[in-house]
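Report on the following structure.
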Amino acid sequence: MSFVLGHPAASAEQSCAYLQQKLSYYTDAWDLAEDLAQAESAIVVIDARSPEAYAAGHICGAQSFPHRSINAQSTAGLDRQKVYITYCDGIGCNGSTKAALKLAELGFQVKELIGGLDFWKRDGHPMAWGTAAGAWPQQTSAARCGC
């Protein structure tokens, strides 16, 4: 008896619906880097970690917005037409999930960055340091996605 097939696979239609829905909740470092390099204006990247962690290194252009400070008052100035991409340290941290949940509860469209800053760095994407968001570099060494 197959361990893999001990639980039958979903139908193609079920898989398609599930996978389409899954992609509406998450993005990966490669896709986000491509959009940031193209200055995609419909997204805003939110670093959900502490201000100290943000200053120690963050995604170029990301806004520091610790998940603990997200509420109706602190988000009053955010554009509700944008999609907010949240991230934290990585798969061992749930700050991005907490930030995404709070934003969604407040009526914002959100996606989480798979693997957070850890996967971002592993892929060699540009970083910024300090308290300023930083700008996307004019020239970057093109990281290659193995997908």
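The values are calculated or read from the model by the stated rules, or taken from the named source; none is laboratory data. In this text the structure is predicted, and so the values were computed from the model without any measurement. For neighbour counting, all protein chains shown are included, and Cβ atoms are generated from backbone atoms with ideal geometry for every residue, glycine included. Side chains are part of the model used for accessible areas, which takes the heavy atoms of the whole protein and leaves out ligands, DNA and RNA. Shrake-Rupley method; radii C 1.70, N 1.55, O 1.52, S 1.80 Å.
Of note:
- Across the options Ile91, His67, Val110, the greatest Cα extent toward the positive end of the charge dipole of the chain (unit charges at beta carbon of Lys, Arg, Asp, Glu) belongs to His67.
- For the chain, the longest principal axis of the C-alpha atoms and the axis of helix 12-23 are separated by about 10°.
- Fraction of beta bridges assigned by DSSP in the chain that are antiparallel (%, nearest 5): 15 percent
- Ellipsoid equivalent to the chain - semi-axes via the Cα gyration tensor, in Å: 28, 20, 15
- In a reduced charge model with +1 at each Lys and Arg Cβ and -1 at each Asp and Glu Cβ, the chain shows a dipole moment near 240 debye about its Cα centre.
- Helical runs (DSSP H, four residues minimum) scored at -39500 (n - 2.57) apiece and divided by the length of the chain put the mean residue ellipticity at 222 nm at -8500 deg cm²/dmol.
- Label-point gap, in nm, between Ser11 and Ala133 - each point 7 angstrom along Cα→Cβ: 4.5 nm
- The charge dipole of segment 30-83, taken about its Cα centre with unit charges on the Cβ atoms of Lys, Arg (+1), Asp and Glu (-1) only, comes to about 300 debye.
- With 0.36 nm allotted per residue and the present C-alpha distance subtracted, the Phe3-Thr97 stretch has 30.7 nm of extension available.
- Computed E for Leu19/Ser69 - FRET, C-beta separation, R0 41 angstrom, nearest 0.05: 0.75
- Based on the reciprocal of the average 1/r between different C-alpha atoms, the Kirkwood radius for segment 1-57 equals 15.2 Å.
- Note on segment 1-130: with neighbouring protein chains present and a 1.4 Å probe, carbon and sulfur make up 56 percent of its accessible heavy-atom surface.
- Of the GluC sites (Glu not before Pro) found in segment 26-80, those in coil by DSSP whose Cβ has at most 16 other Cβ atoms within 10 Å are Glu40.
- Principal-axis tilt of helix 95-105 within the chain, Cα atoms, nearest 10 degrees: 90 degrees
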